[in-house]
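**Q** Take this structure, written in structure tokens, and hold onto it; I'll ask about it next.
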Amino acid sequence: MTAVHAAAAELLSVVFVADESELLTCLHSLMKEQTECLSKLASSTLSVTRLTQQIVVVERHFVAVARHKHLPRNDTSNYLHRKKMNLEANLSKQKRYLEAVIMM
């Protein structure tokens with residue numbers, strides 16, 4: 001017999017002799033026990049575990065997005081121009097290096 005069943009049996013045996021405050025106390029005790037049992041059961045289900053994992057993933061995603069530096073729209077063309085100039089400069093350095101190596 002579980003604690004809930006025992007409390008229900010006790011409630012039934014006391015109904016005829018107990019006053020209203022004792023009945024309310026017993027009822028609150030039953031409700032508390034049921035709530036505890038249900039919360040233990042609900043927190044151990046597979047769906048809750050998956051939901052918790054998904055929340056962690058979403059939280060990590062938002063942290064990563066917050067760390068990412070976004071360029072303002074008006075700076076995009078300037079950024080691309082500087083990137084192109086840097087690539088061209090690196091390419092010319094590599095060409096000069098290869099020419100020097102070939103001439104040796």
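**Q** If the cut-off is a Cα-Cα distance under 22 Å, which lysines reach Lys32, setting aside same-chain residues fewer than 8 apart in sequence?
**A** Lys32 reaches Lys40.
**Q** Multiply the residue separation of Glu88 and Asp19 by 0.36 nm, subtract the distance between their alpha-carbon atoms, and state the gained length in nm to one decimal. Walk me through the numbers before you get to the answer.
**A** Numbers: separation 69, 0.36 × 69 = 24.84 nm, distance 9.22 nm.
Here the segment from Glu88 to Asp19 would lengthen by 15.6 nm.
**Q** With θ set to phi - 60°, apply the Karplus curve 6.51 cos²θ - 1.76 cosθ + 1.60 along region 38-48 and write out the HN-Hα couplings as whole Hz, x wherever there is a Gly or Pro.
**A** My calculation for region 38-48 gives 5, 5, 5, 5, 5, 6, 9, 7, 5, 5, 5 Hz in order.
Rule-based calculations on the coordinates, nothing more; no lab input. In this text, all values refer to a predicted model and were calculated from it rather than measured experimentally.
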